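Student: Provided herewith is a single structure, encoded as structure tokens, for subsequent inquiry.
All of the numbers you see were taken from the coordinates with simple rules; none came from a lab. Just so it is clear, the structure is predicted and the values come from calculations on it, not from any experiment. Because the Cβ atoms are built from the backbone with ideal geometry, glycine has one as well, and the counts that use them run over all protein chains shown.
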Amino acid sequence: MKRVVRNGAVCLIALAVLPGCGSNAKKVAVRITKDTVTEEDFYKRVENVSLADLAPAAQGRGPAKAGEFAMERIIMESLMVQLAAEKGVKPTDAEINQYIAVAKKYQQNQAMSLMPPNPFRTDDDFKHEAKLALIQRGLALAPLKITPEEMNKKYEELKPQLTEEDKYHLRVIQVTSPEKAQKALDTLKKVAFETVVLTQSEDPNSKAKSGDIGVVPQGALPPDFLAAIKDLKPNEYTKTAIKLGGTAPAAGQPAPPVQYLIAQVVEKLPGKTPSADEAKYVVERVLLNEKDANWGQRIQGDISNIRKSADIQVNLEQYKKLVDQIKSASAPPSPAVQTPGR
């Protein structure tokens, strides 16, 4: 009798702790060789598929349904991770975090941006995309030898392109005639800039913010406007009004209204120059393109080999057909994030 009780207890413990025992076991949606993805994780991935992800389907490039897109990407990403482990280039958590730090710091700098712009990207998205980008980087660089001397030389060459342009945090008083502009300038000799904005500016949008138009890159400023403010110190303003508009309109277009602006510099934000360590990913990509222009095809060849030999088991009936499509495709979909320089 005691033996029966003891065996029953063992069974209860097993049901509680062993995967696959009991009714709470998570169902596997797909198995890719040694990796498994649960149905719960699969459907979370489906929920995050965006219209941008499905857009290529309009040109016949990729699935048009969120479920198929998610399943295809899960399989291909798993194969990339397995390939990276096989080649000894799987990134560490420290490498992923370093990459994310650079991507976040320079996400407004197109030359340095390590990931495509995405205002809805979460921290989990950053980790996911950074891991794939670093796997692609590792696979591409593995057979090549890039020396520190080459890196330093190329960094110095690229530094002007990688440096962000200066930005200006500005307030403006905007009026529609030179007489009103002169009146505002006269008032500024006795009254604070923000007060003159509230009493005399004619632009309702900036007026509601005490004239604050935010931070503007110098490349977005008209040449005459930039010339008038570039040497101003914080809280200084232009001593004459800047005339904008009045140019001949394009054929069939109405003439733009003439505006007179008095601009105050709240703060000048000099463009940051990335350090050699921060810029290494971009510099590597440029050198990679110079040394092996066909590195993308080389990686695709490696992925094709592993996908054809992979043991892929899809347990969701409506997606089982994808296995044959992925294995037989002449050029499999690439899940990697494209980084600059390509």
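Student: Taking the beta-carbon count within 10 Å as an exposure proxy, list Glu267, Glu150, Glu129, Glu317 from fewest neighbours to most.
Tutor: Glu317, Glu267, Glu150, Glu129
Student: Give Lys26/Lys321; Lys243/Lys268; Lys268/Lys291 a once-over and call out the pairs whose C-alpha atoms are over 28 Å from each other.
Tutor: Listed pairs above 28 Å: Lys268/Lys291.
Student: So, one more: Which of the trypsin sites (Lys or Arg not before Pro) found in region 88-152 are in a DSSP loop and have at most 11 neighbouring Cβ atoms, other than their own, within 10 Å?
Tutor: Passing both the DSSP loop test and the Cβ count: Lys145.
Student: Do any trypsin sites (Lys or Arg not before Pro) in region 148-202 lie in a DSSP loop with no more than 15 other beta carbon atoms within 10 Å, and if so, which?
Tutor: Lys189, Lys190
Student: Another one. Please report the base-10 log of the normalised intensity I(q)/I(0) for region 207-297, using a Debye sum with one equal scatterer per alpha carbon and no solvent, at each q in 0.12, 0.19, 0.21, 0.22 (1/Å).
Tutor: Per q value, in the given order, log10 I(q)/I(0) is -0.65, -0.95, -1.09, -1.17.
Student: Of the options Pro56, Leu269, Ser328, report the single residue whose Cα projects farthest towards the positive end of the charge dipole of the chain (beta-carbon charges: Lys, Arg +1; Asp, Glu -1).
Tutor: Result: Ser328.
Student: Another question, if that's okay. Quick one: what are the phi-derived ³J(HN,Hα) couplings along region 121-131, Karplus 6.51/-1.76/1.60 with θ = phi - 60°, whole Hz, x for glycine and proline?
Tutor: 5, 8, 4, 5, 5, 4, 4, 5, 6, 5, 4
Student: Note down the Stokes-Einstein diffusion coefficient of region 135-223 in µm²/s, whole number, using a Kirkwood radius over alpha carbon pairs, 25 °C, and 0.890 mPa s.
Tutor: Numbers: Rh = 17.3 Å.
After rounding, the answer is 142 µm²/s.
Student: Could you give the spread of the C-alpha atoms of the chain along their three principal axes, from largest to smallest, in whole angstroms?
Tutor: Largest first, the chain extends 101, 55, 47 Å along its Cα principal axes.
Student: Would you mind ranking Thr92, Thr38 so that the residue whose beta carbon has the fewest other beta carbons within 10 Å leads the list?
Tutor: On the way: Thr92 9, Thr38 14.
Going from least to most buried by this count: Thr92, Thr38.
Student: Can you work out ³J(HN,Hα) from phi for every residue in region 63-70, in order, using Karplus 6.51 cos²θ - 1.76 cosθ + 1.60 and θ = phi - 60°, giving whole Hz and x for Gly and Pro?
Tutor: Once θ is set to phi - 60°, the couplings for region 63-70 become x, 9, 10, 4, x, 5, 4, 4 Hz.
Student: Also: State, as an integer percentage, the relative contact order of the chain based on alpha-carbon contacts under 8 Å between residues 6 or more apart.
Tutor: Working: 427 pairs, mean separation 77.0, N = 342.
Once normalised by length, the contact order is 23 percent.
Student: Rank the residues Ser206, Ser113 as a footprinting-exposure proxy: fewest other Cβ atoms within 10 Å of their Cβ go first.
Tutor: The most exposed by this proxy come first: Ser113, Ser206.
Student: For the chain, what does the helix formula give at 222 nm: sum of -39500 (n - 2.57) over DSSP H segments with n ≥ 4, over the residue count, nearest 500 deg cm²/dmol?
Tutor: Only helices count here, giving -14500 deg cm²/dmol.
Student: How far apart, in nanometres, would the label points at Ala58 and Ala329 be if each is projected 7 angstrom from Cα along the Cα-to-Cβ direction?
Tutor: So the label points at Ala58 and Ala329 sit 2.1 nm apart.
Student: Taking the radius of gyration and the Kirkwood hydrodynamic radius from Cα positions alone, what is the Rg/Rh ratio for region 91-185, to two decimal places?
Tutor: Radius of gyration over Kirkwood radius for region 91-185 works out to 1.24.
Student: Taking amide H atoms as placed 1.01 Å from N in the peptide plane, list the residues 5 or more away in sequence, or in a different chain, whose amide H sits under 5 Å from that of Asp203.
Tutor: When sequence neighbours closer than 5 places are left aside, the close amide H contacts are Gln174.
Student: Considering the options Pro217, Ile229, Thr187, tell which one lies farthest towards the positive end of the dipole of region 187-229, charges being +1 on Lys and Arg and -1 on Asp and Glu at the Cβ, about the Cα centre.
Tutor: The listed residue farthest towards the positive side: Thr187.
Student: Which value, in debye to the nearest 20, gives the size of the charge dipole of region 27-160 about its Cα centre, when Lys and Arg are +1 and Asp and Glu are -1 at the Cβ?
Tutor: Its charge dipole is roughly 220 debye.
Student: Follow-up question, since we're still on this one. I'd like to know how region 127-280 sits against the 2.2 N^0.38 Å rule of thumb: what's its Cα Rg over that expected value?
Tutor: 1.52
Student: Follow-up. Express in nm, to one decimal, how much length is gained between Lys239 and Glu95 on full extension, taking 0.36 nm for each residue of separation and deducting their alpha carbon distance.
Tutor: 46.8 nm
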